[in-house]
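Asker: My questions will all concern the structure given below.
The values are calculated or read from the model by the stated rules, or taken from the named source; none is laboratory data. Since this is a predicted model, take the numbers as computed values, not measurements. No Cβ is skipped: glycine too gets one built from the backbone with ideal geometry, and neighbour counts run over all protein chains shown.
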Number of protein chains: 2
Amino acid sequence: MKAKTRALDYYRRMLAAQNHAMKGLDEHAKIMLFARSQEVPVNSEPAAHWYYVITGAVRRSAIRSDGRRQILDLMLPGDFFFVVDRNEDQTVEAIAEETTLASYSGQRVEQLAQRDVEFARELRNVAFQTMSRIQDQLLIIGGVTAVEKVGSFLLALASRSSNDKGQIVLPLTRYDIAEYLSVSVETVCRSFTSLQQRGAIRLAGKRTVRIINRNVLEEKNEHEVDACPAAPSYARGESRSCAH
Amino acid sequence: MKAKTRALDYYRRMLAAQNHAMKGLDEHAKIMLFARSQEVPVNSEPAAHWYYVITGAVRRSAIRSDGRRQILDLMLPGDFFFVVDRNEDQTVEAIAEETTLASYSGQRVEQLAQRDVEFARELRNVAFQTMSRIQDQLLIIGGVTAVEKVGSFLLALASRSSNDKGQIVLPLTRYDIAEYLSVSVETVCRSFTSLQQRGAIRLAGKRTVRIINRNVLEEKNEHEVDACPAAPSYARGESRSCAH
DNA sequence: CGGGTTATTGACGTCCCTCAACAATGGTGG
DNA sequence: CCACCATTGTTGAGGGACGTCAATAACCCG
């Protein structure tokens, strides 16, 4: 239980240092330690438990009817999460080894929200942040090519994780990335090598990515960048907005 | 302004009839009427205004850097929505003609949430419903084939709209569907005809869809249904969960 | 050392995006 | 009322991208 007390110390220090949204809850938090691929218990009723990621990484995923797994949300240190959906059978699992979470009872969260007005507002902001996270994922998945998806995924990951000058350590496997982006694992690999050959990223080991050229990652098409001459015909421009 | 007063009447009656989550707000609601493709004004600050769809349909969309439009959320009668994201430039537009919304000031919502505990809980549920909606869209977009995407989109639409025995009236154009599913318009059309030829749906007019065979829509692959003999190798089964 | 997981690359077939042409629809003004 | 035009919807041909199958390497752990 060395890791657990260490995580608790880290948690306390972080609470003291930065402005924690859930600071009213810290005395009621239950610190939990998870191993890689270990499931996080979530109740079926909506938001029965609230979690805060201290270290590691967590994925929330659903199984399709054809057996494929879709990662619905990826939580990194500093993120809150909870399970809302009633009908979908979702599983929450720790991705990284030694993932530590702070767990709050949903009932206690409700009570605190009733008493403390400021806390209730923070609670709403937590929900907003979750929505923003899923929405970003939707934009990433909606990308045209696989290289574009992987590129914007790396950029999103870099902006979320505490990065040291564009150096990202991937907390997830290629399979997880594939299930997050809903592409095949092989395509993810090929996208990585393609991005590296194009000078966009630099792979140091399998899990460490250094972003060399952000512009290449942001460019959606690989068609010899010529400063975006005009919107493609697929984008129907302003014809809709001008109607009526 | 005939339509506006009619919508207001409808709104009042609906409030009286069913249990409206925002019933504490009805006297502060501002009823607004929108024409097709008319933009709904949203402030840049998060959740500056809350909206409730009375009739019609509304889309919230973002423009990608390559010019393509991505619909991030689709709101039907009975849905609440608000704009959360700060950095993304999102536009909210009415899809259907004579779209009527009830608008609430975000400030007043905050005030009411501070006074009324029950209302604050309802407010959280509204946020949860929005999350659930975006999440469903994520699962739909993550589908493998275009036919599968269109099929699950139709099923989701049928479960959301007040349907008369599987009869759906699409409030959006093929272009909107394409931007919702992030596929090309032509592929959407081909998927419709393919689903019709397979006997899954029946097109009565361009915008009216009757669902004939739900099973065909739910089947992800068109590979001659043989009762799902085994999960495909792409789905890696339980090998992950069993690790450690 | 051996076995399982993870990662990478190639060959091949299929799905879908693009371009193109055209039909159907709806609104506007003469 | 009808011609006109913009929008919307549909279908075909061709090529590129990605999923699938396969083989292999690298890595971790007992």
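Asker: Check B:Leu76 against each of (1) at the interface with another protein chain (Cβ under 10 Å from one of its Cβ atoms); (2) surrounded by fewer than 22 Cβ atoms within 10 Å (Cβ to Cβ) and name the one condition it does not meet.
Answerer: It fails just one condition, (1).
Asker: Listed residues A:Arg174, A:Arg160; which is more than 15 Å from A:Ile212 (Cα to Cα), among the basic types (Lys, Arg), surrounded by fewer than 21 Cβ atoms within 10 Å (Cβ to Cβ) and more than 12 Å from the chain's Cα centre (by Cα)?
Answerer: Within the list A:Arg174, A:Arg160, the selection yields A:Arg174.
Asker: Looking at the range B:224-239, is at least one residue out of contact with any helix residue (DSSP H, G or I) (no Cβ under 6 Å at 6 or more places or on another chain), aromatic (Phe, Trp, Tyr) and at pLDDT 85 or above?
Answerer: For the range B:224-239, residues out of contact with any helix residue (DSSP H, G or I) (no Cβ under 6 Å at 6 or more places or on another chain), aromatic (Phe, Trp, Tyr) and at pLDDT 85 or above: absent.
Asker: Of the residues that make up the range B:191-207, is at least one within 14 Å of chain A (Cβ to nearest Cβ), within 12 Å of DNA strand C (Cβ to nearest atom) and more than 14 Å from the chain's Cα centre (by Cα)?
Answerer: no
Asker: Among the candidates A:Ser105, A:Ser132, A:Ser161, A:Ser152, which residue alone is within 16 Å of B:Ile134 (Cα to Cα) and among the small types (Gly, Ala, Ser)?
Answerer: Working: A:Ser105 fails: within 16 Å of B:Ile134 (Cα to Cα); A:Ser161 fails: within 16 Å of B:Ile134 (Cα to Cα); A:Ser152 fails: within 16 Å of B:Ile134 (Cα to Cα).
Answer to the check: A:Ser132.
Asker: Something else now. For the range B:96-147, which positions are more than 10 Å from chain A (Cβ to nearest Cβ), assigned to a loop (DSSP other than H, G, I, E, B) and within 16 Å of DNA strand D (Cβ to nearest atom)?
Answerer: Listed by number, the residues that qualify are B:Ala96, B:Glu98, B:Thr145.
Asker: I'd like to check something: does the range A:141-153 contain any residue that is out of contact with any helix residue (DSSP H, G or I) (no Cβ under 9 Å at 6 or more places or on another chain) and more than 11 Å from DNA strand C (Cβ to nearest atom)?
Answerer: No, the range A:141-153 has no match at all.
Asker: Can you report the number of residues in the range A:4-63 which are modelled with pLDDT of 75 or more and more than 13 Å from chain B (Cβ to nearest Cβ)?
Answerer: The total comes to 18.
Asker: For the range B:83-103, state whether one or more residues are closer than 28 Å to B:Ile201 by Cα, without any contact (Cβ under 8 Å) to a residue 60 or more places away in the chain, of a type outside the set (S, T, N, Q) and out of contact with any Cys (no Cβ under 7 Å at 6 or more places or on another chain).
Answerer: Within the range B:83-103, not a single residue is closer than 28 Å to B:Ile201 by Cα, without any contact (Cβ under 8 Å) to a residue 60 or more places away in the chain, of a type outside the set (S, T, N, Q) and out of contact with any Cys (no Cβ under 7 Å at 6 or more places or on another chain).
Asker: Looking at B:Val188, B:Val216, B:Val183, which is the one that is crowded, with 17+ Cβ neighbours inside 10 Å and not in a helix (DSSP H, G or I)?
Answerer: Details: B:Val188 fails: not in a helix (DSSP H, G or I); B:Val216 fails: not in a helix (DSSP H, G or I).
Just a single option satisfies the conditions, and that option is B:Val183.
Asker: Just give me the residues in the range B:193-216 being of a type in the set (A, V, I, L, M, F, W, C) and touching a strand residue (DSSP E or B) at 6+ places or on another chain (Cβ under 7 Å), in sequence order.
Answerer: Selection gives B:Leu195, B:Ile201, B:Leu203, B:Ala204, B:Val209, B:Ile211, B:Ile212.
Asker: All but one of (1) closer than 30 Å to B:Val117 by Cβ; (2) surrounded by fewer than 22 Cβ atoms within 10 Å (Cβ to Cβ) hold for A:Ser61; state the number of the condition that does not hold.
Answerer: Only one criterion is unmet by A:Ser61, namely (1).
Asker: What residue, among those in the range B:84-95 that are aliphatic (A, V, I, L, M) and within 14 Å of B:Ile71 (Cβ to Cβ), is surrounded by the most Cβ atoms within 10 Å (Cβ to Cβ)?
Answerer: The qualifying residue surrounded by the most Cβ atoms within 10 Å (Cβ to Cβ) is B:Ala94.
Asker: I've got another one for you. Return yes when B:Thr187 is closer than 27 Å to A:Glu186 by Cα, near DNA strand D (Cβ under 9 Å from one of its atoms), within 14 Å of chain A (Cβ to nearest Cβ) and at pLDDT 95 or above and no when it is not.
Answerer: Against the criterion (closer than 27 Å to A:Glu186 by Cα, near DNA strand D (Cβ under 9 Å from one of its atoms), within 14 Å of chain A (Cβ to nearest Cβ) and at pLDDT 95 or above), B:Thr187 qualifies.
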